[in-house]
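Below is one structure; the comments refer to it alone.
What follows is calculated from the coordinates using simple rules that are stated; it is not laboratory data. For clarity, every value in this text was computed on a predicted model and none was experimentally measured. We place every Cβ from the backbone using ideal geometry, glycine too, and count neighbours over all the protein chains shown.
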């Protein structure tokens, strides 16, 4: 089995920020854009999930392309 | 008849028409009816999945919990995001296997992986057991929408009967193509309605989001954070964890991944779906806006808050449009759930028990099951007092029990045996049933333990028991073979 490419671990970041961050973000103040801090924290994590998954997708594409190139060089 | 009901009736007719149109020119075998012939691109699969995920639960349940419970409702926004990051890695693996082996249902996957038809029957029964509360909550939502927008002309039971009839007709004429097309209309409407309500109501009644939350904090101190006991941080984190693992274990969600044309679909969706999730923020804002405007809705009544505040703020015509959006958010997922439940019973429970029956017979049986399953759901809708969110949490506790077995099946040679998997699932499901039937919680079992532990979602115990039994029995049965 191939090793998990490092950049894929990035995908765990938003989940960790939710599961480990909520205990510390459990406050009303300061309001962020009018939202209680806890709600703003969660909304931020959701936005980050989208961003992070787009980045992981992009890096995966690049990684796959690089691997194909390496395979081709090895065979030629 | 008031204008609100007329608008809702028009949208119902429109969704029937879309169902009929989508069906034209296609022969309907079981594959067409359930997995759409495996030809859907990213956008369609996205809409189908969104169609299942953004349901009455979101619309009425989400606002109802924000209204009745406050901050604990935020869990609904969290688990989807985590589930989508998992889906990026999980769904392509499932899709590849399902496509290679021409699978139709979630149970097929388990049967094939573990080589055990009995396991398939078991997985199917767990799935149906979880789908029933999910269907019940859609009917509850439909009933609320129809009776509220009739301004008292229709009682809730009458509204439920009308809704269930519409649902059954819809499923029988359309199948999955109808769901996907109606999902397009529904998604546009729900987006527009939720965002408009969530922005407008706080501004209209409080002058903005900040002043609204200040007023709520003043009137109900602590409502906007997780409490120290009960639905505390422990409850929140354990519930988010459980539900995010269970997210794709729903039989209909699992099987809808089969409709994709390629695995790229899932990678794209993992980045887009979380944004779509933010619809929930606006739904919460609506529920919060209702707190000080339509006070006094307690318990399951909180599910009415969105429609009550809508009726306070808008004329009947607008209420009709909002009700129609609500109707579609129940109809699309309701039809998917009903169809899945029937296909599962016919194909994965009855067919293994009636060897030699033809595909045609099974297809007819699946269709015949539609009204039967619908009636069971009506019974529970009219005889249960649960609010929308607890119903879904119950369903989640059931389907999440499939996750460990799925995960261990993914390597080319499954890491567990079929006996182990069956024993594990049975243990998990029995624990969930026992705790929910008797109302057992950690706090009742161990009143002197610290609340960090006693507030944990009881589903965690079921999950741990499941995993332990699964591993032990697998180890024992592997040695013998």
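Over region B:220-348, what is the relative contact order in whole percent, taking alpha-carbon pairs under 8 Å and six or more residues apart?
18 percent
Let's test the formula: R0 of 41 Å, r as the Cβ-Cβ distance of residue B:153 and residue A:20. What FRET efficiency results, to the nearest 0.05?
For residue B:153 and residue A:20, the calculated efficiency is 0.20.
Ignore the peptide's own chain and count Cβ atoms of other chains within 10 Å of each Cβ in A:22-35; give me the average, rounded.
Taking the mean over all residues of the peptide, I get 5.
Sort B:184-196, B:2-14 for me by packing, meaning the mean count of neighbouring Cβ atoms within 10 Å per residue, highest on top.
Going from most to least packed, we get B:184-196, B:2-14.
Tell me whether region B:328-456 comes out rounded, prolate or oblate; compute the Cα gyration tensor, take square roots of the eigenvalues as a ≥ b ≥ c, and use a/c under 1.5 as the rounded threshold.
It is oblate, given that a/c is not under 1.5 and a/b is not larger than b/c.
Using helices alone, what [θ] at 222 nm do you get for the protein assembly as shown, with -39,500 (n - 2.57) per DSSP H run of 4 or more residues, divided over all residues and rounded to the nearest 500?
-24500 deg cm²/dmol
Listing A:67, A:73, B:148 from the residue with the fewest other Cβ atoms within 10 Å to the one with the most, what is the order?
A:73, A:67, B:148
If you average the C-alpha positions of region B:236-270 and of region B:97-149 separately, how far apart do those two centres end up, in angstrom?
Centre-to-centre distance over Cα atoms comes out at 13 Å.
Would you kindly calculate the translational diffusion coefficient of the protein assembly as shown, applying Stokes-Einstein with the Kirkwood radius from alpha carbon pairs, for 4 °C and a viscosity of 1.567 mPa s, and quote it in µm² s⁻¹ without decimals?
Answer, rounded: 54 µm²/s.
When every alpha-carbon pair in region B:3-401 is counted, what percent end up more than 28 Å apart?
Counting every Cα pair in region B:3-401, those more than 28 Å apart make up 44 percent.
Return the FRET efficiency for the residue pair residue B:199, residue B:169: r is the Cβ-Cβ distance, R0 is 35 Å, and the value is rounded to the nearest 0.05.
0.45
At q = 0.14, 0.16 Å⁻¹, what is the base-10 log of I(q)/I(0) for region B:70-134 according to the Debye formula with one equal point scatterer per Cα and no solvent? Please give it to two decimals.
-0.60, -0.74
Ratio of Rg to Rh for region B:419-468, alpha carbon only, Kirkwood?
Taking Rh as the inverse mean 1/r over Cα pairs, Rg/Rh reads 1.04.
Can you work out the PRE-style zone for residue A:59? Point 7 Å along Cα to Cβ, and I want the residues of region B:256-273 with backbone N under 16 Å.
B:271
Over chain A, what is the relative contact order in percent, taking alpha-carbon pairs closer than 8 angstrom and at least six residues apart?
Value for chain A: 32 percent.
What is the spin-label model distance, in nm, from residue A:6 to residue B:102 if the labels are put 7 Å beyond Cα along the C-beta direction?
Roughly 4.6 nm, to one decimal.
Can you give the direction-averaged projected area of the convex hull of the alpha-carbon atoms in region B:289-363, in nm²?
7.7 nm²
How big is D for region A:12-75, in µm² s⁻¹ as a whole number, if Stokes-Einstein is applied with the Kirkwood radius of its Cα pairs at 37 °C and 0.692 mPa s?
234 µm²/s
Quick one: the Cα spread of region B:53-164 along its three principal axes, in angstroms, biggest first?
Principal-axis extents of region B:53-164 (Cα, largest first): 54, 33, 20 Å.
Could you tell me how far the Cα centroid of region A:32-76 sits from the Cα centroid of region B:56-72, in Å?
30 Å
Per-residue counts of other Cβ atoms within 10 Å, averaged by peptide: what ranking do you get for B:356-368, B:88-100, B:392-404, highest first?
B:392-404, B:88-100, B:356-368
In region B:69-99, which residues have a backbone nitrogen under 18 Å from the label point lying 7 Å from residue B:228's Cα in the Cα-to-Cβ direction?
B:71-72
What is the distance in Å between the Cα centroid of region B:344-408 and that of region B:153-168?
One Cα centre to the other: 21 Å.
Sort B:57-64, B:298-305 by packing, meaning the average of other beta carbons within 10 Å per residue, with the highest value first.
The densest-packed peptide leads the list: B:57-64, B:298-305.
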